[in-house]
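Everything below concerns the one structure shown next.
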Amino acid sequence: MSNKFDRPPETFVEEPPDPKDLPEELPLLTVRDVVIFPNMVAPLFVGRDMSVAAVEEAVAKDNYILLATQKDPELELPGPEDLFGVGTLASILKALKLADGRLKVLVQGLQRMTLFPKITEKYLKAGFEAFEPTEPGQEFSPEKEALIRSVKEQAEKILSLRGLLTPDVIGLLDSLEEPGRLADLVASNLRLKLDEAQQVLETGDEFKRLNLVHDLLNREVEVSSVMARIQTQAKEEMGRGQREYYLREQLKAIHRELGEDDERAEEMAYYKEALEKARPGKEVLEEAHKQLRRMDQMNPDSAEASLIRTYLDWIVELPWSKSTRDRLDLKQAKVILDEDHYNLEKVKERILEFLAVRKLNRRMKGPILCLVGPPGVGKTSLGRSIARAMGRKFVRISLGGVHDEAEIRGHRRTYVGAMPGRILAGLKTAGTNNPVFMMDEIDKIGADFRGDPSAALLEVLDPEQNDSFSDHYLNLPFDLSKVMFITTCNIVDTIPSALFDRLEIIELPGYTENEKVKIARRFLLPRQIKENGLKSGDLKIRDKTILEIIDLHTRESGLRQLERALSQVCRKTARHKAEGRKMPFSVIPAKLDKLLGPPQFLPEMELVRDEVGVVTGLAWTSAGGEVLFVEVSLLKGKGSMMMTGQLGEVMKESAEAALSYIRARSAWLDLADDWYENLDIHIHLPAAAIPKDGPSAGVSLTTAMVSALTGIPVRCDVAMTGEISLRGQVLPVGGLKEKSLAALRAGIKKLILPAKNRRDLVEIPREVKKKIQIVEVESMDRVLTEALTAPLPGPAPGSEPGHLLARRETASTDPVACRPGRRNS
């Protein structure tokens, strides 16, 4: 066969042969990473034994061979199932045997064929038939003509970008008018992926094929444009960089000739001197000197050098060894604390204890305090007062709404614009390593995909770990054990348990009315007089007037609304003075409506009287204690219970327990055994827009239901709180101080509390104990005795078996004819 391989090239085949003139089967040559299109001439290197045998068989006969592309180019011995079903009938124009046994074959694609391959002993064969388009050919239209022209223009553009556009190529493109041949020609010269090229080959309709090639052309033109632009920019940047380096070296030489100091040497000397003054630890010094050596070897104007310079600036500016001396004079510290804040004895006592221990043990670690209380009681300002009393710097950050862990630990230096977290930033601002560091609103930290900031605080707020706190930006240990951390929150429920365990909780409840008057007289009023441009003698206001402002205009646990009201009074006074009127300006209770508007709150005792089914309860909120009214109404029905007022599940369960208790005490309450079968009970708590939950309303719910069922009114000057059990026991609850203050504001005379809360009575202010009678109860029976205006008609509890008592008379189901649910006697 060597004479056959050495023959000169055959002429190109102008038209494909008629399949009827070809054998039923032809040798099949598999190609790896190329798709041969009709009218495409391409050289192929054939090295596999089965492929060499197929080419030899085709050359020995009529030079016709079938070409099919492998689905997996890495497959060495593909079978029929590993080939695409549509291939190309091709003619071998020239075959040349190489020295290593391979063949170099020049083939020309002739026609698309559907292939039916099979394996023979030496090579693959395939039956075939002409590939028919999925749809019949379409006639030319202006749209089709526009598509052909667009493909030609895009082909010329991409060849121009690749530097392959020649007059011959332009002439070839212009001469092609058949859409199918134009699509095949363009597709064969594009750098298409294997599956994309095969998709073009398998598209029979010539206009659909041309449209597909047009889309691929648009993509290739865009990619080629971007590549050309990138290459141009790279050449420009390279040229600019070389030019800048050459000029910079010339500038250095000029500076040396002029005898001017080298700026690089000055910068290095500055950092070395600053590191010596900062006196960080050994590990920090080693890292800093390492970064200095790196920066010395870089172009000073490079981006990396700028990052290292910023990193070194943070290292030299942090207070590694700079501390302030604590003021350990306890008497002077107490005077300062008393000057800034009234009362708050528990907090002041804790600070004085810390100073006392510090005086005896200089190496003690800073405590982690958490001030818990409603808004406006002075938690934030207390931190500044503590710093002043101790002679320390004060730093405050707000954690409300923080969602990113990097706010605490900082970003790693690999990120653009990376900076340390708020902890190190605050210490840098303070300039000392032992400030009073206040973290406001720690209960309002959030968490999302950027991490959990509260988890990052676990190391910061742990005296056993924070002596080697590592920020992500510095990645170096910093000692936080000397810092006195103070956190504030309104409620502790939302603080994670692991973080809560590290905090020393100090509660700051609301103020009594007398305390508010004294604070207003000592702190708020002088401050507002000064801020509004007045003098101390310009405004005349008595304590009675301030007390009326507190009662009728600013009912709250804190002091913010009171200070706003006093500010409004001072503004009216300032206008009075600015208009040249007679001074001083006297404020009396009769003028408050004109100065502050109508009262926003009415005295609670004016809103109620002794009523049936209405009880004054007490509730705790994050803003302090509140008065909560419970209303019960009875209706004809079938024994259902309805609850309204946006109540939580726990409060609904308390109502169920109350109902069970009442049914068990039917004899004592003089109720028929089946009273609940003919009545519906409606329980409502006003202020329906505010969610309410918790078990502490159990005794209030029970008392209101008993009052409605027996018709005995509840005393309007009695308030109560406590959880109820099925046996009628009154269980302890929380927030007694806040609730007692709310009762005092509402004018309550008697306060019913669980006896098991006796240990918490020390927290109730002395002023409350003087004005309100506190009754400690263990059972619900005692609560009813104290709260109702008349004794219950039935036998005493325990004298008869309660709900099992056999009634001698039938109960009336008519709520009009008798008291609701009671015996008709």
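The values are calculated or read from the model by the stated rules, or taken from the named source; none is laboratory data. Bear in mind the structure is a predicted one, so any value in this text is a computation, not a measurement. Quick reminder, even Gly has a Cβ in these numbers, built from the backbone with ideal geometry, and neighbours come from all protein chains shown. Side chains included, ligands, DNA and RNA excluded: accessible areas come from the protein's heavy atoms. Shrake-Rupley method; radii C 1.70, N 1.55, O 1.52, S 1.80 Å.
Results, tabulated for the structure shown:
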| item | result |
| --- | --- |
| Residue tally, condition buried (at least 24 other Cβ atoms within 10 Å of the Cβ) and farther than 16 Å from T616 by Cβ, over region 681-709 | 2 |
| Odd one out for L292, checked against (1) buried (at least 16 other Cβ atoms within 10 Å of the Cβ); (2) modelled with pLDDT of 90 or more | (2) |
| Complete set of residues in region 215-247 that are closer than 12 Å to V151 by Cα and open to solvent by 30 Å² or more (accessible area, probe 1.4 Å) | D215, N218 |
| Whichever residue in region 499-541 is loosely packed, with under 14 Cβ neighbours inside 10 Å and in a loop (DSSP other than H, G, I, E, B) and, among such residues, is modelled with the lowest pLDDT | S536 |
| Residue ID - nearest to the chain's Cα centre (by Cα), chosen from residues in region 53-72 that are of a type in the set (G, A, S) and within 15 Å of G109 (Cα to Cα) | A68 |
| Positions within region 159-201 being at pLDDT 85 or above, within 13 Å of F37 (Cβ to Cβ) and open to solvent by 70 Å² or more (accessible area, probe 1.4 Å), in sequence order | Q199 |
| Residue satisfying condition, being closer than 24 Å to Y661 by Cα and among the acidic types (D, E), within set D760, D781 | D781 |
| Subset of region 670-714 (residues that are assigned to a loop (DSSP other than H, G, I, E, B) and touching a helix residue (DSSP H, G or I) at 6+ places or on another chain (Cβ under 6 Å)) | D693, G694 |
| Scan of region 479-498 for residues that are surrounded by 18 or more Cβ atoms within 10 Å (Cβ to Cβ), in a loop (DSSP other than H, G, I, E, B) and touching a strand residue (DSSP E or B) at 6+ places or on another chain (Cβ under 7 Å), ordered by number | L480, V483, I495 |
| Neighbours by Cβ (under 8 Å, 6+ apart or cross-chain): first from region 679-705, acidic (D, E); second outside any strand (DSSP E or B) | D680/G637; D680/K638; D680/G639; D680/S640; D693/G648; D693/E649; D693/V650; D693/M651 |
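Condition check ((1) closer than 24 Å to D462 by Cβ; (2) in a loop (DSSP other than H, G, I, E, B); (3) modelled with pLDDT of 90 or more) across all residues:
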position: I315; (1), (2), (3): no, no, yes
position: Q332; (1), (2), (3): no, no, no
position: L337; (1), (2), (3): no, no, no
position: K346; (1), (2), (3): yes, no, no
position: F354; (1), (2), (3): yes, no, no
position: R363; (1), (2), (3): yes, yes, no
position: G376; (1), (2), (3): no, yes, no
position: T429; (1), (2), (3): yes, no, yes
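Matching residues to (1) open to solvent by 40 Å² or more (accessible area, probe 1.4 Å); (2) of a type in the set (A, V, I, L, M, F, W, C); (3) in contact with a helix residue (DSSP H, G or I) (Cβ under 9 Å, 6 or more places away or on another chain):
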residue	(1), (2), (3)
L67	no, yes, no
G79	no, no, no
L93	no, yes, no
K97	yes, no, yes
L103	no, yes, yes
